[in-house]
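Colleague: The structure that follows is given in the form of structure tokens.
The values are calculated or read from the model by the stated rules, or taken from the named source; none is laboratory data. Bear in mind that the values here come from a model prediction, so they are computed numbers and not experimental data. Methodologically, a virtual Cβ is constructed for each residue, glycine included, from the backbone with ideal geometry; neighbour enumeration extends over all protein chains shown.
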Amino acid sequence: MALLLNIETATTNCSVSLSKDGETLVLKEDNSLSYSHAETLHVFIDEVFKTANLEPSNIDAVAVSKGPGSYTGLRIGVSSAKGICYALNKPLISVDTLKSLACQVKVEKGFIIPMLDARRMEVYSSVFSYDLNQVREIEAQVIDENSFDDYLNEEPVYFIGSGVEKTKSIINHPNAIFIDNKLPSANQMSVLSEIKYKKSDTEDVAYFEPYYLKDFVAIKKA
């Protein structure tokens with residue numbers, strides 16, 4: 001009977017949920033184009049507890065999206081999750097951002113490729129079977145017309161995430177199916193965090209760091 005707080009800040013979607021036994025009880029998120037995590041994350045956390053008529057002390061653990069994704073977004077989410085864990089003496093669970101995104105696709109055949117937009121023509125991606133078994137590790141890759149041919153030549157491939165917009169302008173294959181306007185959400189984290197909680201698959205709160213995949217590079221404003 002686990003009650004978990006789930007925090008997703010890897011992209012522009014600032015998303016928080018409370019889940020019980022793998023089912024989302026309350027979801028609060030802002031899917032605007034600007035990063036508002038610093039201003040809204042703790043407001044959303046407070047709101048989900050109030051909506052559920054629960055206290056933070058009632059939770060069994062905190063789950064956070066571990067990346068890859070926005071450097072700043074991940075730092076904000078992980079720092080907040082750690083702070084709550086320290087204050088309440090609760091365990092910390094990390095959830096693979098791309099697997100959580102892949103969970104939004106419900107199909108009975110083919111591959112699912114969650115992808116997050118990186119700089120220029122690059123994306124962070126992974127490959128999952130239709131039943132969410134990972135068949136290729138996470139990579140930062142530059143997209144071209146031959147990307148993912150090994151999978152596209154076999155079965156339908158479902159692309160989802162913020163990297164879809166630039167990918168669909170380059171990949172032209174009859175097996176390519178593009179799912180628009182989807183970002184990682186704390187809603188899909190509910191099932192994954194429950195699985196990890198049951199296995200006692202937790203992180204060291206003191207030493208856990210987000211999975212950035214690439215080093216942070218500051219870009220000067222024009």
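Colleague: Let me spell it out: the conditions are (1) assigned by TED's automatic domain parsing to the domain that holds residue 44; (2) without any contact (Cβ under 8 Å) to a residue 40 or more places away in the chain; (3) under 21 Å from residue 182 (Cβ atoms), and residue 89 meets all of them except one. Which number is the exception?
Modeller: (3)
Colleague: Select, from 81, 10, 63, the only residue that is touching a strand residue (DSSP E or B) at 6+ places or on another chain (Cβ under 8 Å), closer than 25 Å to residue 141 by Cα and touching a residue at least 40 places away in the same chain (Cβ under 8 Å). Give the steps one after another, and end with the answer.
Modeller: On the way: 81 fails: closer than 25 Å to residue 141 by Cα; 63 fails: closer than 25 Å to residue 141 by Cα.
Sole residue among the options that is touching a strand residue (DSSP E or B) at 6+ places or on another chain (Cβ under 8 Å), closer than 25 Å to residue 141 by Cα and touching a residue at least 40 places away in the same chain (Cβ under 8 Å): 10.
Colleague: Looking at (1) in contact with a Phe, Trp or Tyr (Cβ under 7 Å, 6 or more places away or on another chain); (2) not assigned by TED's automatic domain parsing to the domain that holds residue 58, which is the one condition that is false for residue 121?
Modeller: It is condition (1) that residue 121 fails.
Colleague: I'm told residue 67 meets every condition in (1) surrounded by fewer than 23 Cβ atoms within 10 Å (Cβ to Cβ); (2) at pLDDT 95 or above; (3) under 30 Å from residue 152 (Cα atoms) except one. Can you identify the failing condition by its number?
Modeller: Residue 67 satisfies all of (1) surrounded by fewer than 23 Cβ atoms within 10 Å (Cβ to Cβ); (2) at pLDDT 95 or above; (3) under 30 Å from residue 152 (Cα atoms) except (1).
Colleague: Applying the selection to the stretch 14-52, what residues are assigned to a loop (DSSP other than H, G, I, E, B) and either at pLDDT below 95 or of a type in the set (A, V, I, L, M) (or both)?
Modeller: 31, 32, 33, 34, 35, 36
Colleague: Does at least one position in the stretch 96-111 carry a residue that is hydroxyl-bearing (Ser, Thr, Tyr) and either exposed (fewer than 15 other Cβ atoms within 10 Å of the Cβ) or within 22 Å of residue 36 (Cα to Cα) (or both)?
Modeller: Taking the stretch 96-111 as the starting set, the residues that turn out to be hydroxyl-bearing (Ser, Thr, Tyr) are 97, 100.
From what's left, either exposed (fewer than 15 other Cβ atoms within 10 Å of the Cβ) or within 22 Å of residue 36 (Cα to Cα) (or both): 97, 100.
Yes: one or more hits.
Colleague: Answer yes or no as to whether residue 131 is within 30 Å of residue 44 (Cα to Cα) and out of contact with any Leu (no Cβ under 8 Å at 6 or more places or on another chain).
Modeller: Numbers: within 30 Å of residue 44 (Cα to Cα): no; out of contact with any Leu (no Cβ under 8 Å at 6 or more places or on another chain): yes.
Judged against the criteria, residue 131 is not a match.
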